[in-house]
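Student: Please find one structure pasted underneath; my questions will follow.
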Amino acid sequence: MKFSKKHLFFLKILIHLAYIFTFIYLWYLLDQDLLGGDPIKELTHFLGKTALNSLLLTLAVTPISRRFKQPVLMQTRRLIGLYTFFWATLHVLVFARFELSWDLTLFFSEVYKRPYLTLGAIAWFILVLLSITSIGYIRKKMKKSWLTLHRFVYLAIILIVIHYFWSVKSGLIEPSIYIAICLLLLSERRAFCKFKN
Ligand code: HEM
């Protein structure tokens, strides 16, 4: 069965609902004081992990759509990508607000001093650029350079999985699994490029 525009419409509604549900769930955890002994840390982790999962999903769309010959699925990438930016930005804002009390100088000095934060900041900056340039008008204006810029998403995912790995003090299994998933997605991409050439 080939997905039609109608299927795409319902799929997009499902995507919106999934992200809205995640937000409500997080709100509930906060409201009911269910985030444990260090709620700010837990909140930062929840937001960072959601952004990472969402970015992996964005990158998985292309191989899935190719493998199952469903080109219409490609049209969900922008939506999932923008939600990724939303969660990543909340992650950065919670850190800036609750750990640094909006002190911008301290923010930049922390990002400069702690290499895992430097990687996270570069990745976030890439996500900012990708989100701004996903606007139809800007995309058209950029022509071919749009594709070049959007390939930076692969650099962003590499930086983020390292940011995660580096940030944990114990329990390296989960971040290692994320690195493996990231490498798998990158190898899919490489295999496709070779096939095309
Ligand atoms: C300026 C940019 C960023 C800053 C300042 C930042 C800050 C942080 C901090 C403070 C932690 C917690 C470290 C700890 O527990 O000691 C963290 C963890 C994490 N961050 Fe970021 N981050 C940034 C960008 C990003 C981006 C763009 C993503 C994903 C799209 C991301 C995903 C994660 C993940 C997955 C974790 C680990 C969560 C866990 O341990 O469960 N971060 N980050």
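Derivation of every value follows stated rules applied to the coordinates shown; laboratory data play no part. Everything quoted here is computed from the prediction, not taken from an experiment. Here the Cβ positions follow ideal geometry from the backbone for every residue, glycine too, while neighbour counts run over all protein chains shown.
Student: Please build a GNM for the chain, connecting alpha carbons under 10 Å apart, and tell me which residue among Thr148, Thr133, Thr62 fluctuates the most.
Tutor: Greatest mean-square fluctuation among the candidates belongs to Thr148.
Student: Given 0.36 nm per residue, what is the gain on full extension from Lys49 to Ser167 after removing their alpha carbon distance, in nm?
Tutor: Between Lys49 and Ser167, full extension yields an extra 41.3 nm.
Student: What does the charge count near Pro63 come to, summing +1 for each Lys or Arg and -1 for each Asp or Glu among other residues with Cβ under 10 Å from its Cβ?
Tutor: +2
Student: For the stretch 15-80, what class follows from the C-alpha gyration tensor (a ≥ b ≥ c being the square roots of its eigenvalues): rounded when a/c is under 1.5, otherwise prolate if a/b is larger than b/c, else oblate?
Tutor: Prolate, because a/c is 1.5 or more and a/b exceeds b/c.
Student: Hey, if you put +1 on the Cβ of every Lys and Arg and -1 on every Asp and Glu Cβ in the chain, which of Leu149, Leu119, Leu79 ends up farthest toward the positive end of that dipole?
Tutor: Leu149
Student: Let me ask something additional. With the chain treated as a Gaussian network of Cα nodes joined by springs under 10 Å, which of Gly120, Gly81, Gly37 yields the largest mean-square fluctuation?
Tutor: Gly37
Student: Turning to a different aspect of this structure: If you stretched the chain out fully between Thr105 and Lys141, how much longer would it get, using 0.36 nm times the residue separation minus the C-alpha to C-alpha distance?
Tutor: So the chain would gain 9.5 nm between Thr105 and Lys141.
Student: GNM, the chain, Cα, under 10 Å: largest mean-square fluctuation among Ala123, Ala156, Ala18?
Tutor: Largest GNM mean-square fluctuation: Ala18.
Student: Then there's this: Show me, bin by bin at 5 Å from 0, the whole-percent P(r) of the stretch 5-196 based on Cα pairs.
Tutor: Over the stretch 5-196, the share of Cα pairs per 5 Å bin runs 1, 7, 13, 18, 19, 18, 12, 7, 3, 1, 0 percent.
Student: Continuing with this model, one more query. Give me the net charge of Val72's neighbourhood, meaning all other residues with Cβ under 9 Å from the Cβ of Val72; Lys, Arg count +1, Asp, Glu -1.
Tutor: Taking every Cβ under 9 Å from that of Val72, the sum is +2.
Student: Might you report the magnitude of the Cβ-based charge dipole of the chain about its Cα centre, with Lys and Arg at +1 and Asp and Glu at -1, to the nearest 20 debye?
Tutor: 1760 debye
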